[in-house]
Amino acid sequence: MSLDYAVLSNRNHFTIFRYSDYVIRFKAPYSLERYTEVKQWENGYLVVMAKYSHKEESEEEYIDLIPILEKLYILPEEFLRPIKEVKIEND
């Protein structure tokens, strides 16, 4: 994996954020089918489009990684600094 982008995906009711050797998983809504687009990446804050089983079209969602990283005792500033882009990966 390149050192300047991270990957966002989902599996088994979890959102997965991968960067370098880190794989961070956190609970996702039960009806999430997949992420379809990253609209914005800003230092740990994501605006994404997500497809849910109960809706025909994707809808905008927001993910703030900073509190998740802090709970994992990962320093957000250091971890996030090299990430320039987040890409979607679907199985």
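The values are calculated or read from the model by the stated rules, or taken from the named source; none is laboratory data. These figures come from a predicted structure and were not determined experimentally. Glycine gets a Cβ as well: all are built from the backbone with ideal geometry, and neighbour counts include every protein chain shown.
Candidates in region 28-49 are the residues that are surrounded by 11 or more Cβ atoms within 10 Å (Cβ to Cβ) and under 14 Å from Arg11 (Cβ atoms); of these, the one that is modelled with the lowest pLDDT is Pro29. In the set Lys39, Lys55, only one residue is without any contact (Cβ under 8 Å) to a residue 60 or more places away in the chain, more than 21 Å from Leu75 (Cβ to Cβ), assigned to a strand (DSSP E or B) and more than 11 Å from the chain's Cα centre (by Cα); that residue is Lys39.
Each residue in region 50-66 was checked for being in contact with a helix residue (DSSP H, G or I) (Cβ under 8 Å, 6 or more places away or on another chain) and surrounded by fewer than 17 Cβ atoms within 10 Å (Cβ to Cβ), and 1 pass. The set of residues in region 5-23 that are of a type in the set (A, V, I, L, M), surrounded by 12 or more Cβ atoms within 10 Å (Cβ to Cβ) and out of contact with any Asp or Glu (no Cβ under 6 Å at 6 or more places or on another chain) comprises Ala6, Leu8, Ile16. So how many residues does region 64-78 have that are among the β-branched types (Val, Ile, Thr) and outside any loop (DSSP other than H, G, I, E, B)? Matching residues across region 64-78 total 2.
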